[in-house]
Amino acid sequence: MIKVLLVDDHQVVREGLRFVLEQEPDIEVVGEACDGQAALKAIRDLAPDVVLLDMVMPVLDGNGVLNTLRHEELNPAVVVLTSYPGEDEAIATVRAGALSYLLKSSAVDRVIDAVRAAAAGGSVLEPGVTAVLVNQLRERGGAGPLGRLSARERDVLAELSRGRSNREIARALSLGEQTVKSYVSSILTKLDLKDRTQAAIFGLQQGVVPLGKALQSDR
């Protein structure tokens, strides 16, 4: 069951979304919030899987919510649902951590698809936003070498850059040692590196950890 929190300052919008979503057998609306501060409290209290987030709200707007989630390491999947189209705004929300960006004029089925996609770690974006993101990635050459790594592989690379052993990495990331070995092997292959020392140096060059915190071990 996908647990959803509705965040919008218009009660009619929340009621409409609740009605639509609760027709789906795999979706449960666990709460509502009418402003950003109330949304953050509800996220902490209810631990929703997906947050449907309006961007223009009193007290604390959608950008404020996204920034707080990032800094507090709260990790619900966020689907932005807004009345205001704009590629720049959309790109900013994606960079801030939103998985999807839709307009309130979007078809109901598209919103439902976005909720399901977000719960699985996927994205649904307005066509114009998708085009801009693709172009930016092309301009950056595919986001550089780090773009070849998965999020978990980047976590392991950061620990390598701190000089940690496989056992220490496993403890830090709550993984098995064999799993860490597999990640290290994958990192070396994807980055065409010979050993973990080269990987650590590469990680420092790419800034995956601040230099002052690098090469520190728990041993």
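Computed values, structure above
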read-out	value
Matching option when the condition is within 25 Å of residue 121 (Cα to Cα), polar (S, T, N, Q) and modelled with pLDDT under 85, among 182, 150, 174, 186	150
Subset of the range 113-127 [modelled with pLDDT of 85 or more, surrounded by fewer than 20 Cβ atoms within 10 Å (Cβ to Cβ) and either in a helix (DSSP H, G or I) or outside the structural domain of residue 52 (by TED's automatic domain parsing) (or both)]	113, 116, 117
Enumeration of residues in the range 98-112 that are in contact with a Leu (Cβ under 8 Å, 6 or more places away or on another chain), among the hydrophobic types (A, V, I, L, M, F, W, C) and not in a helix (DSSP H, G or I)	98, 102, 103
Output for the range 15-71, where each listed residue is hydrophobic (A, V, I, L, M, F, W, C), under 17 Å from the mean Cα position of the chain (by Cα) and surrounded by fewer than 17 Cβ atoms within 10 Å (Cβ to Cβ)	47
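The values are calculated or read from the model by the stated rules, or taken from the named source; none is laboratory data. Please read all numbers here as calculations on a predicted model, not as lab measurements. Don't worry about glycine lacking a Cβ; one is built from the backbone with ideal geometry, like all the others, and counts go over all protein chains shown.
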